[in-house]
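Read through the structure below, which is laid out as structure tokens, and then see the notes.
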Amino acid sequence: MTAVHFDPLPPRCSTGAVLAFVCNTTGLDRKHVGKIALIGRGATVELDDRHAAKAVAALDGAAFNDRPVRARFAGKADFTNVDHFGKLSKFLDLEAAAEEAEARRRAAEGTDRGDGGTLLGLVLRESEFGLGGRLLLTLGRASRTEPLPPNRLGPGSPVVLTRTKPQRGVTFRGVVYDRADATVGVAIEPPDYDFDDDDGWRLDLSPDEVSRLRQQDALRRAAGADGDRLAALRAVLLGEREPEFDAGQPPPTFLTPLNEPQQDAVRLALAAKDVAVIHGPPGTGKTTTVAELIRCLVARGDRVLACAASNHAVDNLLEKLLRVGLHPVRLGHPARVVPELRARALDLLAEKHPDARQARKVAREAFALFRSADKWTRGKPEPGAKAAMRKEARDLLAEVRRLEALAVERVLDDARVVCATLTGLDGQTLGRRTFDTAVLDEACQSTEPASWLPLLRAGRVILAGDHCQLPPTVLSPEAADAGLSVSLMERVVARYGGQVARRLVVQYRMHESIQAFSSAEFYDGELIPHESVVSHRLCDLPGVEAGPPTETPVRFIDTAGAGYDEAQEEETESRLNRQEAALAVRQVRALLAAGVPAEQVAVITPYRGQVRLLRELLKDYPALEVDSVDGFQGREKEAVVISLVRSNPAGEIGFLADTRRTNVALTRARRALVVIGDSATLAADPFYARMIAHFEATGAYSSVWELDSNT
């Protein structure tokens, strides 16, 4: 059988409709048609080898629901490839439907106190131009002192800004560039609309349709690749061909001090012809290792595409790359880049290029011509004179666009390293540029469809992350259960293991007692605390008093039998536990009273309802961070208090059953970790039973009854 691909398909097209179209257009009997896979807006179909050529000729240009399609051979590769990408494409459609349903629900509820994706009752505070010509809006409540409610909007969030008064209907798409307690900053393209101080606005987190379409296109191209480097890389990543390594690679010269496991990981990655994995458990210096790897790649002549799923992760990597002496170019909206790193944004680098300076000069000439055409004052103009001036101005603006594009091209041509989010890989900006190596940091936080985006442009890929921490965020339960929550890195590690992967094992964050359980449970007991952290405690910090809260590295406080029952928020149905929150606050105050700086203490909990409650209870300590586990991944504090929330007679633990979330929570603290939970509820799960047994065996266990009896 031969695989044939054609696109575009009509919206909501089914495999049955594709089969009917193929048979009716080619005259083939159904017995000559094999498997059909829908990938984005395209279809890949198996056809009998004897009829494939004539079928492609008949299909190419044929009208499917009054729209012509493009048809081509997709090669004779194993059709399981197409099946794999077809499933991923379906998962993306399920995720898009879930996002749209969520957006409709938020809009219908008209509340900004739900899941944090909507802000209502906003007014315009300030507006100014900046950041590549965007219009920067600062929005807040009518009362300048009223804080915004807790929300999920942060720098880089795609949003929709909608006017709510005097009448609805004016809508802008934009990006959050700044967030403060009482304001949120949004960057939009300059509109033809005059903003009025009396206008009312709402802000909604927006499903990113452009990103989804880019991922669908990546899946289609990966499935249809034949006889090229992408096809060879696909064969390795899908387990059809063994990965290869170049044993003759010269040993690298390390400029960044790396420990032996880190050096071993870099050497393997440099030797990989197809794929290598750097497995970085918490605190092991993964991003530092990745930055040194990229420096070594550039030193040997590679062009590198460095990516991650989030703007925060990309900026973290960019900062490390600058430290090792590289000068990367950062793709993406400048508003999505932290202020300290914006100088490396493509837009701003291009603005400084001589071609861009010339473009601004030509633009001034064009606007002067437009003004002259509109304000003719010396007698009656010659027939056609105004039109001629406007045409000349339009020609000048076309030259402006050409010069601006040329400035971007020249900046990219000179770049040895390009940094971007996975879904920010804009084909229009990058054109046909390819790279020797793609490096995906925090690869386990990326869905597989997004991970294929950089692979379209690179000959090989290095995946760095930790599949024992949080998986990619997936809104659709159906898509998550079917496999969208399994990252490409997790699948590659499961397939090849130590053949392609190296684990970093020396950690520079946690006291040995803090790391002990996670090391045994998730990392085969291999984690080794560096001598600088092996026994450090809070009481070793300057200005911190010695005492039980600061001398003890790990404590588990059991609330079983104390009546600390969980509850649900009415509006969001998120879980919370008021008594447990009060206990967490007591632990925090004890730490602060001993002299631990508030900015070095965090309270972490799995549920947003509990986050909101704790933030309210701890509002007198603005420097102290309270966040969800998901929001704290990749971060650390000297002291961490964890509230696990769940306490019910049925032993239900909800998404605590994904123990990777708990692994993240347990590995954020450097010197002191306090875990609060109900053993009667938690121990129904074998993982938590082992965790509680570990705390008992190491002397970290105590009951809330003991605390109360000592007060």
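Each reported figure results from applying straightforward, stated rules to the coordinates on display, with no laboratory input. Bear in mind that the values here come from a model prediction, so they are computed numbers and not experimental data. Here the Cβ is made from the backbone with ideal geometry for all residues, glycine too, and neighbour counts use every protein chain on show.
General observations
- For the chain: relative contact order, % (alpha-carbon pairs under 8 angstrom, 6 or more apart): 11
- When each of the peptides 602-610, 93-101, 467-475 is scored by the mean number of other C-beta atoms lying within 10 Å of its residues, the order from highest to lowest reads 602-610, 467-475, 93-101.
- Radius 15 Å from Cβ of ALA306, net charge of other residues (Lys, Arg +1; Asp, Glu -1): +4
- Model label zone, THR698; criterion: amide N under 13 Å from point 7 Å along Cα-to-beta-carbon; scope region 499-523: 510-523
- Applying a threshold of 30 Å to the alpha-carbon distances of LYS87/LYS286; LYS31/LYS87; LYS273/LYS320; LYS165/LYS361 flags LYS87/LYS286; LYS165/LYS361 as lying beyond it.
- Inter-label distance for ARG401 and ASP436, nm, one decimal - labels placed 7 Å from Cα along Cα-to-Cβ: 3.7
- Long-range Cα-Cα pairs in region 459-616 (distance over 26 Å), rounded percent: 51
- The packing ranking, built from the mean of other Cβ atoms within 10 Å per residue, places the peptides 654-666, 437-449, 142-154, 243-255 in the order 437-449, 654-666, 142-154, 243-255, highest first.
- Only Cα sites of region 512-709 enter the Debye sum here, all with the same form factor; the resulting log10 I(q)/I(0) across q = 0.11, 0.14, 0.17 1/Å is -0.45, -0.76, -1.17, listed in q order.
- The coefficient of translational diffusion for region 405-497, derived via Stokes-Einstein from the alpha carbon Kirkwood radius under 4 °C and 1.567 mPa s, stands at 89 µm²/s.
- Antiparallel bridge percentage (DSSP; both residues within the chain; nearest 5): 50
- Dipole magnitude of region 2-73, debye to nearest 20 (Cβ charges: Lys/Arg +1, Asp/Glu -1, about Cα centre): 100
- Peptides 331-337, 632-638, 694-700 ordered by average Cβ neighbours within 10 Å, highest first: 331-337, 632-638, 694-700
- Kirkwood hydrodynamic radius over Cα pairs of region 2-73, then Stokes diffusion coefficient at 25 °C and 0.890 mPa s, in µm²/s: 210
- Scaled against the 2.2 N^0.38 Å expected of a compact globular protein of N residues, the Cα radius of gyration of region 560-605 reads 1.42.
- Segment LYS31-GLU126, extension gain: residue separation times 0.36 nm, minus the distance between their alpha carbons: 27.6 nm
- Shape analysis of region 623-711 based on the Cα gyration tensor places the equivalent ellipsoid semi-axes at 21, 18, 13 Å, largest first.
- Direction-averaged projected area, Cα convex hull, region 269-324: 4.3 nm², rounded to one decimal.
- Rough spin-label spacing in nm, given labels placed 7 Å along Cα→Cβ, for PHE655 and ALA482: 2.0
- The chain - mean residue ellipticity at 222 nm from DSSP helices (-39,500 (n - 2.57) per run, n ≥ 4, rounded to 500): -11500 deg cm²/dmol
- Volume per residue of the C-alpha convex hull in region 399-452, rounded to whole Å³: 90
- Near-label residues of region 554-571 by backbone N, under 20 Å of a point 7 Å along Cα→Cβ of LEU707: 554-567
- If the chain linking GLU570 and ARG152 were pulled fully straight, counting 0.36 nm for each residue of separation and taking away their Cα-Cα distance, it would gain 148.6 nm.
- Size estimate for the chain follows the Kirkwood approach: the inverse of mean 1/r over distinct Cα pairs works out to 28.5 Å.
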